[in-house]
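These notes concern the structure reproduced below.
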Amino acid sequence: MVYVCFADNINQIGTPMLNVSLDLAEVRDFAKNLPKMKDNIFEIMNLDTKRIAKDFLETMMSAEISLFLGREKYERQTLVAVKSRNYRNGWYNRSFCVKGIGQIEMRVPRDRRGSFQTSIIPKYERIDDRIKEDCLLLYLTGLSTRTLEMLSTRLFGRKISKSEISELSKELAPKIEQWRNRELTDVFKYLYIDGTNFNMRIDGTITKVCVLVVIGVNEQNQKQVLALQAGDKESSSTWRQLFKDLKKRGLQGGKVQLGLMDGLPGLEKVFTEEFVNAEVQRCQVHLARNVLTKCPAKIREAVADDLRSIFYASSKVKAMKFYKEFKDRWAKEIPSAFKSLEQNIESALRFYNYPAEEWLSLRTTNPIERLNKEFKRRTKSMEIVAGEQSCYNLITVIALRMEAHWKKNPINFQKQIPWFKSPKEFTQSI
């Protein structure tokens with residue numbers, strides 16, 4: 001037999017006032033049911049927390065209107081108050097979602113003139129600012145508006161619609177634009193240049209829009225995203241305007257030494273005209289891909305082997321020697337493939353003009369390809385981006401995250417250039 005003592009009030013706890021006997025079998029049954037009751041216990045706790053929060057907020061707002069009117073409830077009016085003829089006029093119901101508590105239904109007091117406004121709950125607001133921040137963080141880091149809408153009730157205690165999330169993201173626009181157009185104070189010696197496509201909803205239709213991307217490497221070998229701008233990457237005039245905008249923002253064009261890019265039409269010419277002291281490095285991965293796609297499958301591995309010899313030669317002299325051997329062997333067999341190499345061989349080997357420890361990082365546009373891959377990973381769950389500004393909001397967060405990583409991990413120029421063990425391994429890398 002088990003005895004349980006109850007007290008009449010909190011000051012008498014420990015003093016037996018009433019002894020209730022419980023059978024041991026009943027205690028066992030209660031203990032057995034505890035696992036089943038667990039969820040109900042937490043629900044009861046949540047309801048009690050909401051009740052306490054509701055009472056607290058209503059008490060605070062009641063105190064606010066008392067200060068506003070200059071008297072407590074039921075207090076006799078002074079002469080001044082009688083002349084003002086303003087007094088309590090009941091309340092109105094209002095809901096507000098608080099982080100960690102959920103949706104609270106409360107009564108907000110009002111005055112007869114309708115001039116009282118509580119400072120506890122902002123006017124027209126229905127969601128705690130901390131929940132807004134959480135929603136934006138989840139949205140910007142990967143969740144689509146549809147998924148976030150489905151999860152919002154369980155996460156925050158209130159359904160947050162797709163349109164509400166979209167409205168929240170619009171609040172970021174001024175800060176995003178400020179970052180995109182920030183002044184460039186560092187000296188940048190290398191520029192990685194490329195563009196990536198997104199499916200956007202423009203004027204009610206789905207359109208493929210390209211965002212031009214420029215990454216700069218400063219004198220401390222740290223990378224920064226210098227430009228994110230929608231535009232046609234096949235248009236030389238678009239690139240020219242982008243480069244001019246960079247210089248207006250403070251980029252010292254005369255200090256730029258090298259531009260690393262794919263073979264986009266007209267881009268190389270525009271780049272050298274805007275940055276007169278700079279050279280162009282053609283991405284070897286893209287060039288090798290162009291050459292190999294024009295080769296029959298039967299000889300593709302042999303061609304890749306010869307390309308490897310050119311691109312990974314220990315000096316430019318040896319690279320040109322291997323190029324001559326490539327020409328003698330393949331020029332007549334695969335003229336289209338050889339022509340792709342011949343037209344770009346000089347720009348593909350331009351990295352030899354720079355310190356040997358930098359060669360590995362200057363051969364390809366891998367840094368910008370990596371950034372574009374992160375952009376795609378973020379927008380993959382959405383399939384369609386709501387518009388240009390929405391796209392900037394999403395990819396700017398990715399760019400800032402990448403910059404934070406780059407700041408901790410500057411470009412680590414290698415002392416030795418790795419050699420692929422086999423032509424197959426080189427082909428797979430491409």
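Restricting the stretch 197-221 to residues that are touching a Cys at 6+ places or on another chain (Cβ under 7 Å) and open to solvent by less than 10 Å² (accessible area, probe 1.4 Å), the residue that is farthest from residue 398 (Cα to Cα) is 200. Among residues of the stretch 331-360 that are assigned to a loop (DSSP other than H, G, I, E, B), none has a beta-carbon under 6 Å from a residue that is open to solvent by 30 Å² or more (accessible area, probe 1.4 Å) and of a type in the set (Phe, Trp, Tyr) at least six positions away or on a different chain.
Filtering the stretch 243-294 to residues that are assigned to a helix (DSSP H, G or I) and in contact with a strand residue (DSSP E or B) (Cβ under 7 Å, 6 or more places away or on another chain) leaves 246, 255, 267, 268, 271, 272. Between 224, 229, 281, the distinction of being buried (at least 17 other Cβ atoms within 10 Å of the Cβ) and over 25 Å from the mean Cα position of the chain (by Cα) belongs to 281 only. If you go through the stretch 256-267 and keep only what is open to solvent by 10 Å² or more (accessible area, probe 1.4 Å), modelled with pLDDT under 95 and closer than 16 Å to residue 215 by Cα, you end up with just 262. Exactly one residue out of 406, 359 is open to solvent by less than 70 Å² (accessible area, probe 1.4 Å), out of contact with any helix residue (DSSP H, G or I) (no Cβ under 7 Å at 6 or more places or on another chain), modelled with pLDDT of 85 or more and aromatic (Phe, Trp, Tyr), and it is 406. Answer yes or no as to whether residue 180 is surrounded by fewer than 18 Cβ atoms within 10 Å (Cβ to Cβ), at pLDDT 85 or above, under 21 Å from residue 94 (Cα atoms) and not hydrophobic (A, V, I, L, M, F, W, C). No; evaluated as a whole, the condition is false for this residue. What is the number of the single condition among (1) under 23 Å from residue 232 (Cα atoms); (2) open to solvent by 30 Å² or more (accessible area, probe 1.4 Å) that residue 294 does not meet? Result: residue 294 fails condition (1) only.
Inside the stretch 177-216, residues that are assigned to a loop (DSSP other than H, G, I, E, B) and of a type in the set (Val, Ile, Thr) make up a count of 2.
Considering only residues that are touching a strand residue (DSSP E or B) at 6+ places or on another chain (Cβ under 8 Å) and of a type in the set (D, E, K, R), look in the stretch 196-221 and name the one that is farthest from residue 380 (Cα to Cα). Among those that are touching a strand residue (DSSP E or B) at 6+ places or on another chain (Cβ under 8 Å) and of a type in the set (D, E, K, R), it is 219.
Filtering the stretch 144-159 to residues that are open to solvent by less than 50 Å² (accessible area, probe 1.4 Å) and modelled with pLDDT of 80 or more leaves 147, 148, 149, 152, 156, 157, 158.
Take residue 275 and decide whether it is farther than 26 Å from residue 342 by Cβ, among the aromatic types (Phe, Trp, Tyr) and either at pLDDT 95 or above or in contact with a Phe, Trp or Tyr (Cβ under 6 Å, 6 or more places away or on another chain) (or both). In short, no. Selection of the stretch 110-124 for residues being modelled with pLDDT of 85 or more and open to solvent by 20 Å² or more (accessible area, probe 1.4 Å) yields 110, 112, 113, 115, 116, 117, 119, 120.
The values are calculated or read from the model by the stated rules, or taken from the named source; none is laboratory data. Just so it is clear, the structure is predicted and the values come from calculations on it, not from any experiment. Ideal geometry is used to build each Cβ from the backbone, glycine not excepted, and the neighbour counts take in all protein chains shown. When the accessible area is computed, the model is the full protein with side chains, heavy atoms only, and any ligands, DNA or RNA have been set aside. Shrake-Rupley method; radii C 1.70, N 1.55, O 1.52, S 1.80 Å.
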